[in-house]
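Step one of this worksheet: look at the structure below.
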Amino acid sequence: MIIERIKMQTSDSHTSLENSPLLRSISEKSLTLIQYISILQKFYGFFYPMEHHIGRFPVEQYLPDFAQRRKAALLKRDLACITDKKSLPLPSCHDLPPVTNMAQAFGSLYVMEGSTLGGKMIYKVVKELLGLDEQNGLSFFYGYGAETGNKWKIFQQSLLKLSSEHTNTDDQIIDSANHTFLQLKAWIERD
Ligand code: HEM
């Protein structure tokens, strides 16, 4: 089944992203405000164009609340909260994973929605280290708050439905998820 396969077969890519120096500073509890701002900028530069690409496909057919799941605006809001808006550079990644069909859209969405799961742990650490919260600079990693588990289950159901209705696309969904993890990692690590 796609739910177990995708978790298992993207686990190395997840670990590799988690271990990139900027994100490792969270697990190691050495994160500074400057590093946190860089993380938000990098995530914005990836999530904003990706949400745009994914939105060209009718993902609502399987995930009706896709519009409410868009997260780029939260990243922008967090940056605006903790930096001087006028001097805020908002970079954009030009080396994105391809999104040319629904299978690839859902492979990428798997990674982007999954960020809310690790986000729970990231939220706790950033709150502890930098004193921010969901109202003040930490709304992206707050994710869906108490609804995070539920929202993830709903996403998994939509992935399952897509996989069962589009036969023989599981490999493509998983390849796309791996590609998304690795392109995000490469983008985060680029100077
Ligand atoms: C410091 C960084 C991170 C840590 C420590 C971390 C940790 C975790 C943990 C503990 C889970 C399992 C949660 C659960 O099953 O309830 C998880 C799941 C996941 N994370 Fe992360 N994460 C990090 C960053 C990210 C990022 C940046 C992304 C994507 C942009 C991501 C994507 C995912 C996905 C897709 C899953 C779901 C796996 C599945 O059950 O199918 N993670 N992460």
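Computed from the coordinates by the stated procedures, all read-outs in this text should not be read as laboratory data. The model shown is predicted, which means the values in this text are computed figures rather than measured ones. Cβ sites come from the backbone with ideal geometry, for glycine too, and all protein chains shown count toward neighbours.
I'd like the distance between the alpha-carbon centres of segment 44-78 and segment 87-121, rounded to an integer number of Å.
The distance from the Cα centre of segment 44-78 to that of segment 87-121 comes to 8 Å.
To test your reading of the geometry: what angle, between 0 and 90 degrees and rounded to tens, separates the Cα axis of helix 102-130 from the longest principal axis of the chain?
30 degrees
Using the Cα centre of the chain as origin and beta-carbon charges of +1 (Lys, Arg) and -1 (Asp, Glu), tell me which of 183, 31, 11 is placed farthest towards the positive end of the dipole.
31
Taking +1 at the Cβ of each Lys and Arg and -1 at the Cβ of each Asp and Glu, which of 107, 80, 90 sits farthest along the dipole of the chain towards its positive end, judged by Cα position relative to the Cα centre?
Comparing the listed Cα positions along the dipole, 80 ranks first.
Where does the Debye-calculated log10 I(q)/I(0) of segment 33-191 sit at q = 0.10, 0.20 Å⁻¹, using only Cα point scatterers of equal weight, no solvent?
-0.36, -1.34
Please say if segment 11-51 is rounded, prolate or oblate, where rounded means a/c under 1.5 for a ≥ b ≥ c the square roots of the C-alpha gyration tensor eigenvalues, and otherwise the choice is prolate for a/b larger than b/c and oblate otherwise?
Verdict is oblate for segment 11-51.
Assigning unit charges at the beta carbon (Lys, Arg +1; Asp, Glu -1) and nothing else, what dipole magnitude in debye, to the nearest 20, does the chain show about its Cα centre?
440 debye
From the square roots a ≥ b ≥ c of the eigenvalues of the alpha-carbon gyration tensor of segment 108-191, which class results: rounded (a/c under 1.5), prolate (a/b over b/c), or oblate?
Oblate, since a/c reaches 1.5 and b/c is not below a/b.
Express the relative contact order of segment 36-135 as a whole percentage, based on alpha carbon pairs under 8 Å and six or more residues apart in sequence.
Relative contact order of segment 36-135: 35 percent.
Quick check on my link table: of 42/76; 120/151; 29/76; 76/151; 7/29; 124/153, which ones sit more than 18 Å apart, alpha carbon to alpha carbon?
29/76; 76/151; 7/29; 124/153
By how many degrees, between 0 and 90 and to the nearest 10, does the Cα long axis of helix 33-54 differ from the longest principal axis of the chain?
So the helix axis and the longest Cα principal axis differ by about 30 degrees.
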